[in-house]
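No lab work stands behind these numbers, since they all come straight from the coordinates. The shown structure was predicted, so the numbers you read here are calculated from the model rather than taken from an experiment. So basically every Cβ, Gly included, is an ideal-geometry build from the backbone, and we count neighbours across all protein chains shown.
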Amino acid sequence: MKNKFLSFLIVFQIFFLINLSGQIKSKVWYDGNARVMYDRDMLLGSDLDKRDTISSRNNGKGFTKIDLGIHFNPIKDIEIFSEIRLQNDFGGMWGNRNLVSLRSLSVKGVINDRVKFSVGDIMLKQSKFTLYNYHQDLSKNEPSVFNFYNEYVNYENYYFENYWRLQGIQTNFSYNMYNYIEQIDIDAFTTRVRGAQWLGKPELLMTGATTFIRINEKLKFGSNYINTFEIASSSNTDIAYYNPVLSSKIIFTEKINNLPFKFFVEGGLSKRGWNGDNNAPELNGKFITSSLKFTKNQISKYFISLNYVDSDFRSIGAQTRRIQYLSNPISYPYYNNNYVQRKVTLLDILTDPSIYNQKLATSLMDYNPIYNSTLPYGDATPNRVGIKLGIEDATVLNYILSSSSLNFYSEVRGQGTTQKRQFFVLNSFHKVMINEMLNFSFPLILELSVNNENVKRDGDNIEEIKLNNLLYSTGITVGINNNLHLIFGAKFFSSKGNEYLADRNIYDEIIDYDAVNYDNNETILTTGLQYSLSKDIYITTQYNYFNVLDNNNLEDEFSMGRFIFMFNMNL
């Protein structure tokens, strides 16, 4: 009854605001997204009848979703925003399997033309070490033929430009100064990360502030503060978690022989512990990072960066991961006659929004070293020191666009031994406009990317680690006309070697290690058509082939084909 009343209330709000917009059009406007998606998954394999007599051979699912964003300006400096989702899963009629939900609600405004504020659902981001939502594993420099999957996953989880979506209040304002300081910008917020739970964990809040001081166009200073803490009195406990993090940075821009460059340095401290728990350790950590970036021809960027994060640095706003590797995938979560739970693989990282995380985690989340071992928690990964060299958006011969980077990292402190892991990562992406190279009248674009990661640790037979992870990705786009494109894409992933997975207790202390061996291969192939009605509206239909093979356990090979149709429209 409660859900029906909520649905009625939301629908009533839609019609009320639509009617209101007809009367005061200047005060109400709309945006949002509409998406129709249908896919049919099919199990594949020559010996499928022997290995799997339980699972259905194929199954289909789909939906129509409309997210209607309604912006209402009751007065000049106030805006009320609500986003309402109307969803109909295929197979439902006349209210069956339909969903009406409030997806987002916020109010923002300006006080005295100076102080801005936002209340409700807010998007927050600070530095990469205080509050930052890093991209999912192996998503860097993906060929554009896989963009529709990437956009779908990120949209469903509110992953926009590395922001975290939280609920609370935010305010920011600027002061123009004279003499020695040109401008001061201040941004502050308070959010509720976790509500009070009956006989469970206490309420978890996060407060933070950013100060940015511009001395002149060349020199700027900044500071970030964030504190995540539990309120013990909100639950039946005397134990309360706390994690304050403070950082400061300097940005200097200049030109050398008309070559612009930017120098950046940031350092900070963290503290993490539990008040009222005598068994809990208190960790005090620190980090420092710096970079130098040159810009040539206003496009190409050359950079070098240094990074040090000690093993005790903790910042839940920056170290929370997107992917939950212990979750169940949507497509065939269990399969074969042993009814084995299927592990999260590259297939799911690419296509499945349900395995992603939208909540900040107070402990270090699990990760899979075959997909990202060097920086599983982004630049804020604890126990790392290293250097990164790279070039971005370099134009070669006017028809090749390239980006490449090299990472050389090491552990600050060995885990379970005095020997330290050494990490090497090569990431390279190249986009070739073949039509411009050969003067074709139709678009013909080739994209290639390589991600190679090597993990090594010296020592005796027990200490030694050798792990190599390699991903090749490619995409081809052939323009049949200005709107219709034929697309081909492929991903080939392999991982071979050994590693040790750390087992941690509730305080993130390592209590044991699990030895693992990898000999994995994964393949993703796609081909199809995409028709773009405009920049924000497209239709695509494709066939995907997926294969996951663990050579150490051949019986659990997983192969699947998928026909998929998607219509996407950004309103």
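FRET efficiency for the residue 186 to residue 277 pair, using the beta carbon distance and R₀ = 30 Å, is estimated at 0.30. Computed over the chain, relative contact order equals 11 percent, with contacts defined as Cα pairs under 8 Å that lie 6+ residues apart. Ranked by the mean number of other Cβ atoms within 10 Å of their residues, highest first, the peptides 270-278, 79-87 come out as 79-87, 270-278.
Relative contact order of segment 366-417: 33 percent, from C-alpha pairs under 8 Å at least 6 residues apart in sequence. Please give the FRET efficiency for residue 58 paired with residue 480, using the beta carbon to beta carbon distance and R0 = 35 Å, rounded to the nearest 0.05. It comes to 0.75. For the chain, a crude dipole built from +1 on the beta carbon of Lys and Arg and -1 on the beta carbon of Asp and Glu, taken about the Cα centre, is about 1580 debye to the nearest 20. Each stretch of four or more DSSP H residues adds -39500 (n - 2.57); spread over every residue of the chain, this sum gives -2500 deg cm²/dmol at 222 nm. For residue 210, what charge total do you get from the other residues with a beta carbon under 9 Å from its beta carbon, if Lys and Arg give +1 and Asp and Glu give -1? That sum, taken over residues with Cβ under 9 Å, equals -2. Length gained on full extension, residue 77 to residue 519: 153.2 nm, using 0.36 nm per residue less the C-alpha separation. Using the Cα centre of segment 98-244 as origin and beta-carbon charges of +1 (Lys, Arg) and -1 (Asp, Glu), tell me which of 119, 157, 176 is placed farthest towards the positive end of the dipole. Of 119, 157, 176, it is 176. From the square roots a ≥ b ≥ c of the eigenvalues of the alpha-carbon gyration tensor of the chain, which class results: rounded (a/c under 1.5), prolate (a/b over b/c), or oblate? Because its axes are fairly even, with a/c under 1.5, the chain counts as rounded. Remark: spin-label model distance residue 308-residue 101 equals 4.6 nm, labels positioned 7 Å along the Cα→Cβ axis.
The listed peptides 309-319, 377-387, 47-57, 245-255, ordered by packing as a protection proxy, come out as 309-319, 377-387, 245-255, 47-57 (highest mean of other Cβ atoms within 10 Å first). Sorting the segments 70-76, 508-514 by their residues' average number of neighbouring beta-carbon atoms within 10 angstrom, most packed first, yields 70-76, 508-514. Which distance in nm do the two modelled labels at residue 410 and residue 442 give, with both placed 7 Å along the Cα-to-Cβ direction? Taking the two extended label points, one gets 5.5 nm. A crude spin-label estimate for the pair residue 400 and residue 31, with each label 7 Å from Cα along the Cβ direction, gives 3.8 nm. A Förster radius of 30 Å combined with the Cβ-Cβ distance from residue 535 to residue 253 puts the calculated FRET efficiency at roughly 0.40.
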